[in-house]
Amino acid sequence: MAKVAVLSYIKRKSPVHDLVGTTKLIFFLAWSVAVMVTYDTRVLVCFLIGSFAIFKLSKVKIKEISFVLGLAAVFLLMNNLFVYLFSPEYGVDLYGSRTLLFTIAGRYTITAQQLFYHLNMTMKVVCVIPVALIFIACTDPSEFAASLASIGVSYRIGYSVSLALRYIPDIQREYHNISQAQQARGIDLSGKDKFFTRLKNSVAILLPLILSSLNRIETISNAMELRGFGKKKKRTWYVQRKMERNDYITLFLSVAVLVFSMVVTFWDGNRYFNPFL
Amino acid sequence: MKKLSVKSVVAIGIGAALFFVLGKVSIPTPVPNTYISLQYAIQAVFATLFGPIAGLLIGFIGHTLIDMTSYGPWWSWIIASACAGLIIGLIALKLDVNEGIDKKKIVLFNVAQVIAHLLAWGVVAPVLDILIYAEPMNKVFSQGLVAGVANIVTTGVVGSLLLFAYAKTIVKKGSLSKED
């Protein structure tokens, strides 16, 4: 099994990289909440343009994230397909009117309302993708724990997250080693074996992985305990930086984004924008 | 809230890393485009060993990391993953696996994981899908049910085998006997 391609931090100089982790986290959360709440096409279009602008600003190259975009495209396609297969006229219920364009077969019709619903649903997901990817690509993992703590999450949980990020490569390597060793002994996980045999075979890989992880937990927690982790209520972080002008501007923008989307969305009573009325 | 112990902090971190790594490994199933989600078996084992808060955070952190590095966060399913860990931990923590394991404990573990996955994928995920993404009801419930059943099978088979094997590696109290 080859190493899986995973998106990670890309060190570079850009206005987005220069922002403090806390600012980026708050902006990302505000952005996701705003996009989650709204279903208003006008707001979504603004967000779409905004997310591309941020992408441009971050100086991350399309090439570096193209594999992620491929996954996202497949995911979106499948989701749209399933929604259509299950409820081909869901948009009609949602928007309260029916404009039939043409019929494929039986109950599978194409209506303007359904197409409009699919457009909105897709935009809702697409708006978040660039921002999420940029957040991962432009935030130093060690700074991320500090920023979690600074928005009020308990520093213990912040430390858990930073441990997770620190040990992902190690565990990936270990998984790879164990699975190769077991494959050499004839234990196969690929499609060649029967389903339940495959499930049972996976135990042969997972058990050594769990046991070594439990050992790891023991070692790390002893080391942390010896250094007095968790004795005090607060904790300082080596990587934490001071906020600068751009950070305050971004924080202001986060609030503005939230307020703007709520106001425009709920101006006419509900979260949908209905052009068919 | 009770403060997390140092050991739980580390267990959450390592557990989330395991959840992430296994989530990225794809083991095919007979159904096209679906994969065995081994990460839920690991989550259930860790929730049994370290408790509900660990189960919750392993699911939340691990699933968020998986989503963020592949196609952007799908919050409703992330929250469902977290709920599954929480419920398994709440029921199964009392098992005290470190004191050895028997048939009764395995049954209880499976009861816990079936309840947890049914609630998480049959209720939490679809309801949030409807609230957040306004998806049609029949789609989200069938999707949730399929995912739930798949996770129940994986956790039931792999999780139980792992717990059995794990309990065997622990030296029990009074396992030494005096030589005559």
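Nothing in this text is a laboratory measurement; each read-out follows from the coordinates by a stated rule. Worth saying up front: this structure is predicted, and the values here are computed from it rather than measured. Every residue, glycine among them, receives a Cβ derived from its backbone with ideal geometry; neighbour counts consider all protein chains shown.
When the listed pairs A:24/A:233; A:232/B:3; A:56/B:24 are checked against a 19 Å cut-off, the alpha-carbon distance exceeds it for A:24/A:233; A:56/B:24. Taking a ≥ b ≥ c as the square roots of the eigenvalues of the Cα gyration tensor, an a/c ratio of 1.5 or more together with a/b no larger than b/c marks chain A as oblate. Within chain A, helices built from complete DSSP H runs that reach 18 Å or longer along their own axis (Cα positions) and carry a mean Kyte-Doolittle hydropathy of -1.0 or higher are A:21-37, A:41-58, A:62-86, A:112-138, A:155-184, A:195-226, A:245-266. Fewest-first ordering of A:277, A:19, B:161, B:22 by other beta carbons within 10 Å of each residue's beta carbon gives A:277, B:161, A:19, B:22. Mean partner shielding of peptide B:134-141, defined as the number of other chain Cβ atoms within 10 Å of each residue Cβ, is 6.
On the beta carbon distance between residue B:142 and residue B:103, with R0 = 41 Å, the FRET formula returns roughly 0.75. A straight Cα-to-Cα reach below 17 Å connects residue A:124 with the aspartates and glutamates A:40, B:67, B:129, B:135, residues fewer than 8 places away in its own chain not being considered. Using C-alpha pairs under 8 Å with a sequence gap of at least 6, the mean separation divided by the residue count of chain A gives a relative contact order of 35 percent. Among B:171, B:157, a tally of other beta-carbon atoms within 10 Å of each Cβ gives an order, fewest to most, of B:171, B:157. Within straight-line reach of residue B:103, meaning a Cα separation under 24 Å, sit the following lysines at least 8 residues removed in sequence or on another chain: A:200, B:94, B:168, B:172, B:173. The modelled label-to-label distance between residue A:249 and residue A:99, using points 7 Å beyond Cα along the C-beta direction, is 4.1 nm. When A:202, A:160 are sorted by how many other C-beta atoms sit within 10 angstrom of their C-beta, beginning with the fewest, the order is A:202, A:160.
Database remark: amide H of residue A:111 closer than 5 angstrom to the amide H of A:101 (H placed geometrically; neighbours at sequence offset of 5 or more, or on other chains; Pro and chain starts carry no H). The overall shape of the range A:153-226 is prolate: from the C-alpha gyration tensor, with semi-axes ordered a ≥ b ≥ c, the ratio a/c is 1.5 or greater and a/b exceeds b/c. For residue A:19, no residue 5 or more places off, or on another chain, has a built amide H under 5 Å of its own. Karplus-based coupling profile of the range A:88-98, in residue order and whole Hz: x, 10, 5, x, 4, 5, 5, 9, x, 8, 9, with θ = phi - 60° in 6.51 cos²θ - 1.76 cosθ + 1.60 and x standing for Gly or Pro. Positive-end ranking of B:130, B:118, B:166 along the dipole of the range B:6-169, with charges on Cβ about the Cα centre, is headed by B:166.
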